[in-house]
Amino acid sequence: MAGPRGADDSPESPETIVERYAAATRTQTKALENASMELDIQASVPKLKKRGRLQALRRISALGRITYEVLHFEGDGVIKNHVIEHYLAAEREAQAEQAALAVTPQNYKFKFKGRGQLEGRDVYLFEVTPRQKRDGLFKGSLWIDASTFMGVRESGRLVKNPSKLWARNVQFVRMYDIKDGISTPREMQSTGDALGFGKVELTVNYSNISLDEKRGTAGEGNAQE
């Protein structure tokens, strides 16, 4: 991943980039209604030498409700019950509050840091800071694809430690793929501190992403690279 080339070399103004990104985000949110995808969640607690892996089918209804169908689990039950299950519960809650947590100008301040490259594509890099210190919001970086204005990478640290979260002091990196003009999740890597466990490491890979039948299928197998 190449770093930013400077804040003055973009053919678009930062304000225009953010406006086009916000419009693309609304399109993406609509496209992900009635979507389904497979999740491969791997979690570990190095201090306890415990790990687990859960595979599940995740469905998003037209109303934005998330449900999970567990397909397979292997590993320590402590990881499943106290790390992965808590993570999935936090994901359901985040989806229910999607508008309040979305990386948009309504929730965040955007500071343009320049242009760069990410996996061979031209991107715009922004520093994002929450307008309010609320559960689920983060301070960090957002990479926007220069062609579609879709988000392709988010990274940072949550600004608050909500009591219902799977861990505290959470840092993360989320990666996305773009297919048929839609940004779909590919991978999320996260670390945090869980009470009684110490450091927790969690990785989620997404695959076989199926959008609404009107749009077909996107990103099939993209998490297995």
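Read-outs throughout are calculated quantities, based only on the coordinates presented, and are distinct from any laboratory measurement. As the structure is a prediction and not an experimental result, all values here were calculated from the model. For neighbour counting, all protein chains shown are included, and Cβ atoms are generated from backbone atoms with ideal geometry for every residue, glycine included.
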Margin query: Take Arg157 and Arg65, extend 7 Å from each Cα along the Cα→Cβ direction, and tell me the distance between the two endpoints in nm.
Written below: 3.8
Next item on the list: May I ask you to derive the FRET efficiency for Lys111 and Gln189 from their Cβ-Cβ distance with R0 = 30 Å, giving the value to the nearest 0.05?
Entry: 0.80
Next item on the list: Would you mind checking Lys47/Lys109; Lys113/Lys179; Lys30/Lys199; Lys30/Lys139; Lys47/Lys179; Lys80/Lys113 for any pair whose Cα atoms are more than 32 angstrom apart?
Entry: Lys47/Lys109; Lys30/Lys199; Lys47/Lys179; Lys80/Lys113
Next item on the list: Please work out the FRET efficiency for the pair Asn169 and Glu74, using the Cβ-Cβ distance as r and a Förster radius of 35 Å; give the result to the nearest 0.05.
Entry: 0.80
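Multiplying the sequence separation of Glu12 and Leu57 by 0.36 nm and subtracting their Cα-Cα distance, what value in nm do you get?
Details: separation 45, 0.36 × 45 = 16.20 nm, distance 3.94 nm.
Here the answer is 12.3 nm.
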Notebook entry, point to check: Hey, fewest Cβ within 10 Å first, where do Phe172, Phe126 land in order?
Noted result: Phe172, Phe126
Next item on the list: Evaluate the distance, in nm, between pseudo-label points positioned 7 Å from the Cα of Glu97 and of Glu33 along their respective Cα→Cβ axes.
Entry: 2.3
Check: Suppose R0 equals 35 Å; then what is the FRET efficiency for Ala89 and Asp122 from their Cβ-Cβ distance, rounded to the nearest 0.05?
Finding: 0.40
Next item on the list: Treat each spin label as a single point 7 Å out from the Cα along the C-beta direction, and report the Lys47 to Thr203 distance in nm.
Entry: 2.2
